[in-house]
Amino acid sequence: MTTTKNLGIWMDHASAHVMEIADPMVTNIVVSESTHEEKEKTLQKGESMMHNKEQQQQGEYYKSLGETIKNYDDVLLFGPTDAKVELLNILKADASFSKIKIEIRQTDKMTENQEHAFVREYFSK
């Protein structure tokens, strides 16, 4: 019997808290390169350039999360923004993610302990 590898990711557009079901559960944080300071700098050069750079950085952020997700069988994406939906749409367009069960849940901002409890509860069903 093979064990299912489960992963929970709380995310917004700025960062993702990646949690593998383990004991103890550890959170790895992936940060988007798109920061407020970066936006200020590129905005001075032009709004179009800022938008392009922001899209490129967001794409890299989602690609990084996708590389992590490839190693799991069952993934829960949750958080307060539409970032999880954007990531899910990107992953659904890629056939290499077709065998991975990916679910999304809307949640508020959470503490690390609340995130861990949410992920444990979801995968214990």
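The values are calculated or read from the model by the stated rules, or taken from the named source; none is laboratory data. The structure presented is a predicted model; accordingly, all values stated were derived computationally and were not measured. SASA here: full protein model, heavy atoms, side chains in, ligands and nucleic acids out. Shrake-Rupley method; radii C 1.70, N 1.55, O 1.52, S 1.80 Å.
Side notes on the structure shown:
- Seen from a random direction on average, the alpha-carbon convex hull of the range 49-115 projects onto 5.3 square nanometres.
- Unsatisfied cross-links (Cα-Cα over 21 Å) in the set 63/109; 63/125; 92/125; 5/92; 5/101: 63/109; 63/125; 92/125
- Carbon/sulfur fraction of accessible area - the range 58-125, other protein chains in place, 1.4 Å, %: 48 percent
- Rolling a 1.4 Å probe over the heavy atoms of the protein chains gives the range 76-125 an accessible area of 63 Å² per residue.
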